[in-house]
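A short worksheet on the structure shown next.
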Amino acid sequence: MALSAKLQMRQSQSLVMTPQLMQSIKLLQMTHLELSRFIDEEIERNPLLVRDETDDAASGPVERRGQGDGEAGSEASGGAEGDDWMARDLAGDAETIAGRLDTSLENMFPDDPGRGETLSPDLQAQWRSAPAGGQAPGSDGNALEAIAAARPTLRDHVGEQIAFTIRGRADLAIAAELADTLDEAGYMRGNCAEIAERLGVRTADVEAVLERCQTFDPAGLFARDLPECLAIQLAARDRLDPAMAALVDRLDLLARRDFAALKQICGVDEEDLVDMLAEIRSLDPKPGTAFTSDTASQIVPDVEVSPAADGSWTIELNADALPRVLVDQPYLKRVSKTSASQEDREFLSNCLQNANWLTRSLDQRAKTILKVAGEIVRRQDQFLLHGIAHLKPMTLKTVADAIQMHESTVSRVTANKYMATPRGVFELRYFFSAAIAASDDGDAHSSAAVRHRIRELIEAESPETVLSDDAIVDILRDGNIDIARRTVAKYRESMNIPSSVRRRREKRALAAAGR
């Protein structure tokens, strides 16, 4: 059988994602911070885009009871009212849009027209004498208040103490090198031998300077590990006796709550051991974090749910998490009349297409989030009324089938989005949980509700009635929850709850100390 080359033609159909569709999918899963940064970048690149700062834009779409598709706000600004060439050259089909998306959209702004304006002699004198920050002379401003309110960093705090404590050029160099190895928690992550070799000094000299640096405030700085950090703080309180030193050396037994072994190692009774544990809990395992200036970012909910007067739920999008943009029609009309070259016309046409696409994509994103949130509220109505014990099992596919969307779309919508409810702010993913079967073939239970029930049972324990995993299984089955012992153990470990043996040791030790 001879081999030969042939040319064959085959016709097939396939789904191809255009660049616009891919960008719309990315917009759907962006958080409000990512979306705001993306819009700012688009506004910088596209001179036809402006933010919508009107009150109508802040109202946002609203839905009642979470049922139905919900009515969204007014459509964003659409086509242009430009010259005839704009209508002729602007093609709106998908192929043209996809082909033009790769065109450079660099914004060519002219020079500032106000640069040639003349100023009065008084204004010119003030302009020349103004500082770089723009503060006019004679104004007190808030410079002193800002300097006083600025919190010193860990490096600054340590540097001041080094300057007042360490003497000698060699010791100052060693102390500065040790300060450079501090992490955010205040631990010294360097190696004394390597530092000595790098500076050309003896290792004993580095260790001597390190010992002096460990006396700095707050106590615990320059420690090399957690036991040393706790020991430094105990020594500063004059509480580092032999028993406490033995306890600090065996933190592994403390983590396992093996109080019997700790009593034997430390040579103390239960009451003294409880006092020692209370002293350990009062220490700071990360003394350097007191100088961190980073503040936790505040969660801005994307959806707000509030009870209505008729007993239903009102669902609306948060205006702070829903930036809106519009096409600057007056500017478009003005520049379209002065655009004579073909290059300028193509640039404006491309900018207009991208601006219209972005406004439509943002509006569709808002409608999709509102639709998914409405279905979640409709299915979790009892949770909003009575709490986590009434949280129902729900999957992404269940919501996707109800609102006639793809499961991947629902997954993107619920990623990193938050809902503000009368019971607090929850991530949309919080409402999705696996189902635990009921004992009598009734309605299934949510895994989150089962975890909550397990935590309640453990918190209600006494030293004489500590529940084992098997006992918890029996109680849950009496409550119509069919669950296996390994599932109870998995849920308990996910909530950082120790075993029944460790819980019994701790409760008995606390009871013996009268606490």
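The values are calculated or read from the model by the stated rules, or taken from the named source; none is laboratory data. Quantities reported herein were computed from a predicted structural model and do not represent experimental measurements. All Cβ positions, even for glycine, are placed from backbone atoms using ideal geometry, and neighbour counts span all protein chains on display. Please note that ligands, DNA and RNA were not included when accessible areas were found on the heavy atoms of the full protein model with its side chains. Shrake-Rupley method; radii C 1.70, N 1.55, O 1.52, S 1.80 Å.
Tabulated data for the structure shown
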quantity	calculated
Subset of the range 336-368 (residues that are more than 29 Å from the chain's Cα centre (by Cα) and under 22 Å from residue 40 (Cα atoms))	347, 348, 349, 350, 351, 352, 353, 354, 355, 356
Residue check for residue 282: without any contact (Cβ under 8 Å) to a residue 12 or more places away in the chain, open to solvent by 30 Å² or more (accessible area, probe 1.4 Å) and either among the hydroxyl-bearing types (Ser, Thr, Tyr) or at positive phi (or both)	yes
Number of positions in the range 190-224 that are open to solvent by 70 Å² or more (accessible area, probe 1.4 Å), outside any helix (DSSP H, G or I) and within 21 Å of residue 288 (Cβ to Cβ)	4
Counted residues, the range 353-404 - those being hydroxyl-bearing (Ser, Thr, Tyr), surrounded by fewer than 18 Cβ atoms within 10 Å (Cβ to Cβ) and assigned to a helix (DSSP H, G or I)	1
Restricting the range 306-337 to residues that are among the small types (Gly, Ala, Ser) and either without any contact (Cβ under 8 Å) to a residue 12 or more places away in the chain or not in a loop (DSSP other than H, G, I, E, B) (or both), the residue that is most open to solvent (accessible area, probe 1.4 Å)	309
Answer residue from the range 424-446, given it is of a type in the set (A, V, I, L, M) and either open to solvent by 60 Å² or more (accessible area, probe 1.4 Å) or part of a loop (DSSP other than H, G, I, E, B) (or both) and is farthest from residue 389 (Cα to Cα) among those	425
Flag if residue 497 is part of a helix (DSSP H, G or I) and either of a type in the set (A, V, I, L, M, F, W, C) or at pLDDT 90 or above (or both)	no
Residue in the range 447-478 that is nearest to residue 501 (Cα to Cα), counting only those that are of a type in the set (Gly, Ala, Ser) and surrounded by fewer than 14 Cβ atoms within 10 Å (Cβ to Cβ)	462
Boolean, residue 275 is at pLDDT below 90, open to solvent by 70 Å² or more (accessible area, probe 1.4 Å) and out of contact with any Cys (no Cβ under 9 Å at 6 or more places or on another chain)	no
